[in-house]
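Have a look at the structure below before the remarks.
All of the numbers you see were taken from the coordinates with simple rules; none came from a lab. None of these values were measured; they are calculated from a predicted model. Neighbour counts run over all protein chains shown; Cβ positions are idealised from the backbone, glycine included.
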Amino acid sequence: MPITDYHVLIRDAVRAALQAATDALATELAAPPLPWHAVDELDDAARLTRPCGVVCCVGPEQERPEFGTNRQDGRGYPVAVMLLGSGKSHGEKRTGPTDLTGFRRLVTTSLNRQRLAGVAQVAVCEVGDSGPIVDEKAPLFQVLATALVVNCVGRFPRA
C-alpha cells in the first residue's frame with residue numbers, strides 16, 4: 001500500500017491557493033502576476049528568478065490531539081511561504097503582490113482560519129510569523145523579503 005506524503009500535497013495546495021489569489025490581485029491592479037514555486041529545500045529557492053513566491057515544507061508534522069479521533073490522528077503540517085525579491089534600489093516603491101505588507105495580508109486573508117482546497121483532510125490553516133527559518137549566512141537570506149508559516153491542521157489516517 002503506497003504511503004501518501006500529506007506534507008507535499010499540502011505544500012502544493014498552498015501554492016495553488018496563493019497563485020490563484022495573487023493572480024486575481026494582479027488582474028485587479030493591472031500589475032504583472034507573481035509566479036509561485038514549490039521547492040523541496042529552502043536553499044533551492046535562492047536560485048529562482050525574482051520576484052516570486054515560494055512554498056516549502058518546514059519542520060516535522062505536529063501532534064494536534066484535539067483533532068484526533070479513534071481512527072485518525074490530529075496533525076499539523078507547517079509550510080513556509082516566502083516572498084523573494086532583489087531589494088529596492090533608488091527608492092522606488094513596489095505595489096501589488098510584491099509589496100511586503102500586501103503580501104503578508106494576502107497570505108493571511110487567503111489562508112488563515114480557512115480550509116485548504118485540494119486536501120480534504122485539512123480542517124483549518126493557521127498563519128503565523130516564520131521566525132528565523134533561514135540562516136543569515138545563507139544565499140537565500142539576501143533575497144528573502146518576508147516569510148510566514150502556514151500550519152495546516154486536520155485529521156489524517158493512521159495507515
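Miscellaneous remarks
- Local electrostatic count, E61, Cβ distance below 10 Å [Lys/Arg +1, Asp/Glu -1]: 0
- The chain, relative contact order in percent, only Cα pairs under 8 angstrom and at least six apart counted: 26
- Computed magnitude of the charge dipole of the chain (debye, nearest 20; Cβ of K, R +1, Cβ of D, E -1): 340
- Spatial separation of Cα centroids for the stretch 133-156 and the stretch 64-85, in angstrom: 15
- Theoretical FRET efficiency, 1/(1+(r/R0)^6), r = Cβ-Cβ of A20 and T49, R0 30 Å, to 0.05: 0.90
- Each of the trypsin sites (Lys or Arg not before Pro) that DSSP puts in a loop and that has at most 10 other Cβ atoms within 10 Å breaks the chain; the longest unbroken stretch is 1-70.
- Quotient of C-alpha Rg and 2.2 N^0.38 Å, computed over the chain: 1.08
- Under a Gaussian network description of the chain, with springs only between Cα atoms under 10 Å, the residue in G53, G68, G85 that fluctuates furthest is G68.
- The stretch 19-65, relative contact order [Cα under 8 Å, separation at least 6], %: 31
- Computed over the chain, the per-residue total of -39500 (n - 2.57) for DSSP H runs of n ≥ 4 gives a 222 nm mean residue ellipticity of -8500 deg cm²/dmol, rounded to 500.
- Sum of side-chain charges, D40 neighbourhood, beta-carbon under 12 Å (Lys, Arg +1; Asp, Glu -1): -4
- Residue of A46, A30, A80 that the Gaussian network model of the chain assigns the largest fluctuation, springs spanning Cα pairs under 10 Å: A30
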